[in-house]
1. What residue, among those in the range A:77-106 that are modelled with pLDDT of 85 or more, hydrophobic (A, V, I, L, M, F, W, C) and within 10 Å of A:LEU30 (Cβ to Cβ), is surrounded by the most Cβ atoms within 10 Å (Cβ to Cβ)?
2. Give the residues of the range B:66-99 that are at the interface with chain A (Cβ under 7 Å from one of its Cβ atoms), of a type outside the set (A, V, I, L, M) and either under 19 Å from A:GLY83 (Cα atoms) or part of a helix (DSSP H, G or I) (or both), sorted by residue number.
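The values are calculated or read from the model by the stated rules, or taken from the named source; none is laboratory data. Bear in mind that the values here come from a model prediction, so they are computed numbers and not experimental data. Note: ideal-geometry Cβ built from the backbone for every residue, glycine included; neighbour counts use all protein chains shown.
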Amino acid sequence: MSGLGTDAIFIISAALFAVGVFGVLARRNLLIMLMSVELMLNAGNLLLAGMARMHAGAGGDAEAGQTLILMSMAVAACEVAVGLSIVIALFRHIRSVDVSSPKAAQLRG
Amino acid sequence: MSAILFWIFGAAAVASGLVAVTRRNPVYAALFLLVSMGCVGVEFLLLHSPFIAAMQIILYAGAIVVVFVFVIMLLSLKEGELGREPPMVLKAGAGVVALALFALLALPGLRDEGLKSKLTAADAEGQGGGRLRELAVEVRPADVVAVAAARQGLQPAQLARSSQDRSQTAIKDRLKTARGDAAYLGLELCPTRSRGLSAALGTTRTRLGQLHDEVAASLEAAAEGSPVEVRVAALRERALLKAQRYGSLEEFVGFLYSRYVVAFELVSLLIFAAIAGVVVLARRRGFMGLEGAPGSEAGPQGGFLL
């Protein structure tokens, strides 16, 4: 990260995460909420990449950060697949993706 | 230059993410999410991680967002099914929470002086050869012995004979002198898990060349300067090689299938479990006459797949 403001990685990843949190809290469309979760995961991966670079520059291992990013991406893909299949199954029952509808209250445990 | 690009693409990622979560039509949201993923992929490139950038585009933009679009098209949501939006008060509250979270997450990094000083110390040396500055390189003990010998005007073999002592105190003393000698070379020694010592280069490529000349010049009393020259040149070569390999596919695959193979296999198992889960969750009840009533009769009729 030579020449980069060292603040950039923190600010950008925190902002991306905050946007994802806003999306989950302020929307009632289940698909949009899942997309916001993906944004949050992206923010975490970005921060990991920046920290891996800093760690490698300071004398640590260069591999652990990048491997963790790859694992995180694979887990995110699995989670999206399962989450969307749940959306489809739910849609078949209540014919809507609105989580605030009274029909969706069946999901509450 | 890369700082400006980093900020530009970071701002683009955040802005398109914000637009994505505020769209009513989920197709528009998915498209803006695609833009955001692409910008984050460029950011990975700017962080010298080309393999992770490729994975971002392939996995996120090319698989996850595509699956989102598939499901959106499959559901074919009409206007009434999209869902009511929460009242403005709740949205404002969510905005406040998001801002507070942003402050909470960004401030510890911004205020951590220890973390930032590691970078600014490297930046302070100037431009040129910046990538070399940031990467650790393996320093074999033989290198340090060679430099120590040069400083004492000895041949490396003469000094090595005295370092045969393997007792604890002798090793500690040798480590201490090794640190001093490495500091003479402008390196900072840190122990790593691997067998050699690892040195973080604290100087630019040009300054390493100057130090190399200094060390070579100090060998006027010694008959032969070449072992030290070879050692320092080898050090520089290794640093260059490592700088080229950081984040590349070769290096990544090298340790993914050796040190992290268990994690790799576990994630493969997880993907397999996810596939099984998806097939079970999303199948149609009453399909092929299996599984009785609750889904197949009481549910909504009509539609091709539903």
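1. It comes out as A:LEU84.
2. B:PHE68, B:GLU81, B:GLY83, B:LYS91, B:GLY95
Okay, residues lined up against (1) crowded, with 17+ Cβ neighbours inside 10 Å; (2) aromatic (Phe, Trp, Tyr):
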| position | (1), (2) |
| --- | --- |
| B:PHE6 | yes, yes |
| B:VAL14 | yes, no |
| B:GLY17 | yes, no |
| B:ARG23 | yes, no |
| B:ALA29 | yes, no |
| B:VAL42 | yes, no |
| B:PRO50 | no, no |
| B:GLY62 | no, no |
| B:LEU75 | yes, no |
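Each row is one residue, and each column tells you yes or no for (1) touching a helix residue (DSSP H, G or I) at 6+ places or on another chain (Cβ under 8 Å); (2) over 30 Å from B:ARG284 (Cα atoms).
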site	(1), (2)
B:SER16	yes, yes
B:ALA29	yes, no
B:VAL42	yes, yes
B:LEU47	yes, yes
B:PHE70	no, no
B:LYS78	no, no
